[in-house]
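Take a look at the structure below.
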Amino acid sequence: MTVDVLAVGAHPDDVELGIGGTLHKLVQQGLCVGILDLTQGEMGTRGTVEERLAEATEAATVLGVARRENAQLPDAGLHNTPDQQRVVIEHLRSFRPRVLFAPMAPDRHPDHEAAHHLVRDANFFSGLARIEGTREPHRTPQVYFYHPYFEAAMPQLIVDISAHFEVKQAALRAHASQFFNPAYTGPSTFIASESFWQTIQTRAAYWGSRINAAYGEALYCTQPLGVALPPGLEGLI
Ligand SMILES: [Zn+2]
């Protein structure tokens, strides 16, 4: 199954943290959305690979995502190497999206930072016919970037997710081993703390406030965006 939109994350909950509301909004608009997790999160303090796969599947269902795959690259071992690019290229040529969301750099987590460069370069090389694989070449023409945890710079775009924030929270709760969850017994971690759970709302409310909305998600572009008219003139012409 090919998709309209593909969101790539380094770990199985990165996409939900960064753009879960945006993805649900796109699904509700009738688009076919896919997720590619680059690693299985096997180096995480909480949750087994099997638990995390089941949680990711559940979160995809909550968001209405049609297809979620895992590239099974090494957690805590993502690098922008030709070998890892080839793995990502095979997935990109399978999903064949028109719009791609990928992690932004710089980022405090080395895997997030590596994923930025890895996905960006894999997407370019995926369009080259002489890079061999099992599928036809495909380069996604439009790429946006997001941060899973914290924005490192002012974004170029903020998506109004006010009507989708509760679904984003539900998708994150599906990752029962990862976030604040008194019912889960396991070692405590930063992202499993109640204070981190609160920052998810604070962060979305902050970006929403910058566009006069209740909740927002930040996106970055590294290329100029073409528009037919400057935004703000809708309805006047
Ligand atoms: Zn991550």
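The values are calculated or read from the model by the stated rules, or taken from the named source; none is laboratory data. A quick note: this is a predicted structure, and the numbers were derived from the prediction, not measured. Every residue, glycine as well, gets a Cβ built from its backbone with ideal geometry; the counts of neighbours run over all protein chains shown. Remember, those area values only see protein heavy atoms, side chains included, never the ligands or the DNA or RNA. Shrake-Rupley method; radii C 1.70, N 1.55, O 1.52, S 1.80 Å.
The residues of the range 180-203 that are in contact (Cβ under 8 Å) with a residue 60 or more places away in the chain and within 29 Å of residue 221 (Cβ to Cβ) amount to a single one, 200.
Residue by residue, here is whether (1) open to solvent by less than 10 Å² (accessible area, probe 1.4 Å); (2) within 13 Å of the ligand (Cβ to nearest atom); (3) touching a strand residue (DSSP E or B) at 6+ places or on another chain (Cβ under 6 Å) holds:
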{"position": "6", "(1), (2), (3)": "yes, no, yes"}
{"position": "12", "(1), (2), (3)": "yes, yes, yes"}
{"position": "17", "(1), (2), (3)": "yes, yes, no"}
{"position": "65", "(1), (2), (3)": "no, no, yes"}
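Considering the conditions (1) surrounded by fewer than 24 Cβ atoms within 10 Å (Cβ to Cβ); (2) farther than 25 Å from residue 214 by Cα, residue 26 is excluded by exactly one of them, (2). Remark: residue 113 falls outside the filter, which requires a residue to be closer than 25 Å to residue 13 by Cβ, free of Cβ contacts under 8 Å to residues at least 24 places away in the same chain and more than 16 Å from the ligand (Cβ to nearest atom).
Here is the figure for the range 1-51: residues that are in contact with a helix residue (DSSP H, G or I) (Cβ under 8 Å, 6 or more places away or on another chain), within 14 Å of residue 69 (Cα to Cα) and in a loop (DSSP other than H, G, I, E, B) total 8. Restricting 71, 122 to residues that are more than 13 Å from the ligand (Cβ to nearest atom), open to solvent by less than 60 Å² (accessible area, probe 1.4 Å) and assigned to a strand (DSSP E or B) narrows the list to 71. In the range 149-168, the residues that are of a type in the set (A, V, I, L, M, F, W, C) reach residues that are open to solvent by 60 Å² or more (accessible area, probe 1.4 Å) with C-beta atoms within less than 6 angstrom, at least six apart or across chains, in these pairs: 152/106; 158/210; 158/211. When 91, 175 are checked against the criterion of being within 16 Å of the ligand (Cβ to nearest atom) and crowded, with 18+ Cβ neighbours inside 10 Å, 175 stands alone in meeting it. Run residue 150 past the list (1) of a type in the set (Phe, Trp, Tyr); (2) over 30 Å from residue 232 (Cβ atoms); (3) within 16 Å of the ligand (Cβ to nearest atom); (4) open to solvent by 20 Å² or more (accessible area, probe 1.4 Å) and report the number of the one that doesn't hold. Among (1) of a type in the set (Phe, Trp, Tyr); (2) over 30 Å from residue 232 (Cβ atoms); (3) within 16 Å of the ligand (Cβ to nearest atom); (4) open to solvent by 20 Å² or more (accessible area, probe 1.4 Å), residue 150 violates only (2).
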